[in-house]
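Below is one structure; the comments refer to it alone.
Readers should treat all values here as calculations from the given coordinates under stated rules, not as data from a laboratory. Since we're looking at a predicted model, the values are computed, not measured. For neighbour counting, all protein chains shown are included, and Cβ atoms are generated from backbone atoms with ideal geometry for every residue, glycine included.
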Amino acid sequence: MKDLKVVTLFTMKEMLKRKSFIVTTIIILVLIILGFNIPNIINFFTKNNTQTESETELLIVDANNVFEGTLENLNSMNLGYNIKVSNENLTFDDIKSKIENEEIEEAIIIEPKDTKTYNLRYIVKNMATISNLPEDLLNAINTVYTNLQISKLGLTQEQLSSLTASFEYSIEQTEEQEVSGNVMVIMLLSLVLFYAIYFCAYQVSSSITTEKTSKIMETLVTSTSPRTIVIGKTIGIGIVGLVQVCLFVATALISAKLFLEPGILESVLDMSKFTPYLAIITILYFILGYFAYALLYALTGSTVSKPEDIQSANTPVAILAVIGFYLSYFTMMNPTSDLNVFASIFPISSPFCMPFRIMMGVASTTDVIISIAILVVTILIVANVAIKIYSNAILNYGTKMSFSDMVKIYKDKNN
């Protein structure tokens with residue numbers, strides 16, 4: 001136990017001293033803070049634009065009095081225009097002169113074609129950036145005209161109300177099992193959990209290979225057993241990784257409290273289903289998922305002697321992790337399907353799937369117990385294989401070991 005503590009503390013110190021770890025942590029923290037300040041940044045520039053950009057001076061010429069003086073109502077619709085209305089019979093040259101003299105910036109001439117059709121001539125200084133009448137302005141003009149015609153019909157308030165209807169709706173499902181929870185929140189948290197497990201576990205192989213290169217491993221092997229080294233390094237990096245994740249979550253919560261307007265986060269992400277029980281389950285699956293993948297990475301890290309070979313050696317485990325994540329991620333769209341149930345029990349995907357089946361209310365206590373039991377058994381099997389191969393491969397400073405070499409070593413260690 002003493003040796004395990006020594007290896008764990010040594011690994012934690014080495015992790016915390018790594019420049020890559022420090023820089024990555026700082027960058028992510030800065031990105032989290034900036035992310036929660038995006039609304040403030042947008043509001044800042046929007047406010048500046050509002051202050052620096054005045055409303056467009058627009059003249060609407062209604063010489064035939066088609067709108068009967070109701071066009072002034074457009075100014076109350078916040079369209080971004082300072083609208084002036086004229087009933088004079090102004091020509092194109094008259095409008096051109098006003099634009100050149102900077103009396104106005106744009107103009108619209110309303111010309112009747114027949115009793116139901118009107119031509120709107122949109123006149124601007126240059127058509128390089130404007131080719132059509134702005135849709136919001138066109139819709140507003142249509143609304144003003146429609147309201148004018150309705151008022152001329154002399155309808156009662158009851159008749160006016162009958163022109164529009166209020167529709168209420170409800171959603172019902174045919175399956176007996178009810179699903180609750182915001183799928184967007186579930187998928188987002190699943191993604192965060194995957195990256196937390198994956199990158200923390202990845203550090204194990206990187207740490208082992210780096211120490212092999214610096215010959216530190218020779219000192220560790222002569223001081224304690226390979227089993228203690230594997231478990232100690234896995235625990236040490238796991239603790240640092242868990243603290244790092246907690247730091248990110250705390251920074252996100254504090255940033256949301258300080259920089260976001262009250263209620264804005266709740267309106268986007270419904271976290272009402274995230275209970276203390278679910279938090280405990282999520283942490284438990286993080287730890288178990290981390291151990292499963294970390295031990296696999298410890299195995300691959302011990303088979304190479306050069307840092308540049310780490311990525312290729314870790315590729316099979318990385319593919320396994322991606323398959324597990326996507327298996328859980330995409331089956332969440334149908335959480336009551338048999339495939340989603342399988343993903344919540346299958347050990348490579350259960351850490352990313354089961355916590356959120358619980359959040360959706362579709363996982364029973366029995367399902368959770370079976371999933372955890374299978375994951376624990378998988379960890380013990382992987383640990384047994386990893387430690388046996390690690391014991392013989394850790395001092396290998398030659399070429400990268402192949403899969404057949406690892407199988408041979410494992411068989412030899414069993415004999």
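Once the other residues with Cβ under 12 Å from the Cβ of Asp94 are scored (Lys, Arg +1; Asp, Glu -1), what is the net sum? Don't skip to the end; give the middle numbers.
Details: positive: Lys96, Lys98; negative: Glu88, Asp93, Glu100, Glu103.
Here the charged neighbours net out to -2.
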Discussion item. Within 13 Å, Cβ to Cβ, of Val240, how many net charges do the neighbouring residues add up to if Lys/Arg are +1 and Asp/Glu are -1?
Written reply: +3
Worksheet entry | When each of Lys17/Lys388; Lys19/Lys257; Lys84/Lys113 is checked by Cα-Cα distance, pairs over 27 Å | Lys17/Lys388; Lys19/Lys257
